[in-house]
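The values are calculated or read from the model by the stated rules, or taken from the named source; none is laboratory data. It should be emphasised that the depicted structure is a prediction, and the values quoted were computed from it without experimental measurement. Positions of Cβ are backbone-derived with ideal geometry, glycine not excepted, and every protein chain shown enters the neighbour counts. To get the accessible areas, we keep the full protein, side chains included, count just its heavy atoms, and leave off ligands, DNA and RNA. Shrake-Rupley method; radii C 1.70, N 1.55, O 1.52, S 1.80 Å.
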Amino acid sequence: MINTHNIPKAELHLHLEGSMKPTLVRHLAKRNGLIAPENIFAPDETYIWKDFLDFLKVYDQATLMLKTTQDYRDMTYAYLEESAQVNTLYAELIYSTDHALLCGVSIEDSLNGVIQGIEDAKRDFGIEARILLAFVRHFGVDSCVNVAKWAAANPHPLITGVNLAGDEIHFPAEQFSVAFRIAADAGLGCTAHAGEMMGPESVWQAIDTLPINRVGHGVRSIEDNKLIEALMKRNITLEVCPGSNIALQVYADFTQHPLRRLKDLGVTVTLSSDDPPFFATSLANEYDNAVRYFQFNEKELLEMTRNSLKAAFVDENTRQKLLARVAV
Ligand code: ADE
Ligand code: ZN
């Protein structure tokens, strides 16, 4: 099997709060004088949860240990350090201001930590990263509109996009069109989870009602030929996270997962890790699995990295510099 270690990688879909390993969560709890939620930790640096909605609750419990700017900085730096070690050139970090507020940390204090983590990691490892603000569906339409308005009023060069996350089952995409309009008008890149827990109709709704040119997951688009055509015609990039999909039982195993079929049909696919310790994965593991289970060759892996960089919410100058590092 090809060794993917030296393949340059890029990640478009990573939930920052979902990147914390139990060891880090325990460390933050201790530092903040809190009791760590031991019942959600599995022995192998992963988490215990039952299904998608339970996963979202466990995710919130881990997140609640974040209390200071330093915590946000350390979380960001830990993820970027590990990513750089496996030749990740670029990462987009989905960061939830609403979760920060739930933790009792202001947007400014948490964001300053994330920014510091990005700057420190760039200085130490050369890795580039950008921030996407989360619109969390189950926190409601008003929260998402508030996030969008905050983003429009507080531009920052490292905040380059928004991503609709959370409970796709009970909160359909079109409800969030106003929040997306505000974000798009402020010049932010827009993407949305869809076709993860729900079928093709959810992807149609997202691409027809939101100003997006990427879809988080989108894998269940494979069930609808017309949707596949629409994704290609509209140049929509899928942020595919196979390890997450299998952990969440969207597919029973890798043989059922449509990554290879989507690619062969001509859909623009990329690889990401979503919430790595929750799904016992990492970006390096996703590249390995693309070889092991989907027979991607080196050229195809490089093509996926280039697809990520082409669809990245980053300035053109940085994009071209990064693309120049991924020779085909
Ligand atoms: N928030 C964190 N991870 C998520 C996922 N995989 N889907 C939807 N919302 C999320
Ligand atoms: Zn996600």
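For the condition within 16 Å of ligand 1 (Cβ to nearest atom) and part of a helix (DSSP H, G or I), what is the one hit in VAL178, VAL203? Write out each step before concluding.
Working: VAL178 fails: within 16 Å of ligand 1 (Cβ to nearest atom).
After applying the criteria, what remains is VAL203.
Counting only residues that are of a type in the set (Gly, Ala, Ser) and assigned to a loop (DSSP other than H, G, I, E, B), how many does the range 1-51 have?
Of the residues in the range 1-51, 3 are of a type in the set (Gly, Ala, Ser) and assigned to a loop (DSSP other than H, G, I, E, B).
So which residues in the range 67-113 are among the charged types (D, E, K, R), over 17 Å from the mean Cα position of the chain (by Cα) and under 18 Å from LEU133 (Cβ atoms)?
ARG73, GLU108, ASP109
Could you figure out which of (1) free of Cβ contacts under 8 Å to residues at least 24 places away in the same chain; (2) within 14 Å of ligand 1 (Cβ to nearest atom) isn't true of VAL250?
(1)
Can GLU119 be described as in contact (Cβ under 8 Å) with a residue 40 or more places away in the chain, more than 16 Å from ligand 2 (Cβ to nearest atom), open to solvent by 40 Å² or more (accessible area, probe 1.4 Å) and not in a loop (DSSP other than H, G, I, E, B)? Give the steps one after another, and end with the answer.
Values: in contact (Cβ under 8 Å) with a residue 40 or more places away in the chain: no; more than 16 Å from ligand 2 (Cβ to nearest atom): yes; open to solvent by 40 Å² or more (accessible area, probe 1.4 Å): yes; not in a loop (DSSP other than H, G, I, E, B): yes.
Spelling it out, it is not the case that GLU119 is in contact (Cβ under 8 Å) with a residue 40 or more places away in the chain, more than 16 Å from ligand 2 (Cβ to nearest atom), open to solvent by 40 Å² or more (accessible area, probe 1.4 Å) and not in a loop (DSSP other than H, G, I, E, B).
Contact list please: Cβ distance under 7 Å, first residue in the range 2-21 and within 18 Å of HIS99 (Cα to Cα) and open to solvent by 20 Å² or more (accessible area, probe 1.4 Å), second residue part of a loop (DSSP other than H, G, I, E, B) and more than 11 Å from ligand 2 (Cβ to nearest atom), pairs at least six apart or on different chains.
That search, which allows pairs on different chains as well, returns LYS21/GLU45.
Can you tell me how many residues in the range 153-171 are open to solvent by less than 50 Å² (accessible area, probe 1.4 Å) and either of a type in the set (S, T, N, Q) or away from ligand 1 (no atom under 14 Å from the Cβ) (or both)?
5
Quick check on this structure: which one of ASN213, ASN235 is modelled with pLDDT of 95 or more and at positive phi?
Of ASN213, ASN235, the one residue that is modelled with pLDDT of 95 or more and at positive phi is ASN235.
Determine if the range 246-261 includes at least one residue that is over 24 Å from PHE55 (Cα atoms) and of a type in the set (D, E, K, R).
The answer is yes, given that some residue of the range 246-261 is over 24 Å from PHE55 (Cα atoms) and of a type in the set (D, E, K, R).
What do you reckon, is ASP142 part of a helix (DSSP H, G or I), more than 14 Å from ligand 1 (Cβ to nearest atom), free of Cβ contacts under 8 Å to residues at least 12 places away in the same chain and surrounded by fewer than 18 Cβ atoms within 10 Å (Cβ to Cβ)?
Criteria met by ASP142.
Condition check ((1) more than 16 Å from ligand 1 (Cβ to nearest atom); (2) under 19 Å from HIS13 (Cα atoms); (3) acidic (Asp, Glu)) across all residues:
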site: GLU174; (1), (2), (3): yes, no, yes
site: ALA186; (1), (2), (3): yes, no, no
site: ILE207; (1), (2), (3): yes, yes, no
site: HIS217; (1), (2), (3): no, yes, no
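Residues checked against (1) open to solvent by 10 Å² or more (accessible area, probe 1.4 Å); (2) within 16 Å of ligand 1 (Cβ to nearest atom); (3) more than 27 Å from LYS21 (Cα to Cα):
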{"residue": "LYS226", "(1), (2), (3)": "yes, no, yes"}
{"residue": "MET232", "(1), (2), (3)": "yes, no, yes"}
{"residue": "ASN235", "(1), (2), (3)": "yes, no, yes"}
{"residue": "GLU239", "(1), (2), (3)": "no, yes, no"}
{"residue": "ALA284", "(1), (2), (3)": "yes, no, no"}
{"residue": "GLN295", "(1), (2), (3)": "yes, no, yes"}
{"residue": "GLU300", "(1), (2), (3)": "yes, no, yes"}
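Give the range 183-214 a look and list any residue that's of a type in the set (Val, Ile, Thr) and surrounded by fewer than 20 Cβ atoms within 10 Å (Cβ to Cβ), or say none.
If the condition is that a residue be of a type in the set (Val, Ile, Thr) and surrounded by fewer than 20 Cβ atoms within 10 Å (Cβ to Cβ), then THR209 is the only one that fits.
Every residue in the range 1-47 that is more than 16 Å from ligand 1 (Cβ to nearest atom) and polar (S, T, N, Q), please.
The answer is ASN3, THR4, ASN6, THR23, ASN32, ASN39.
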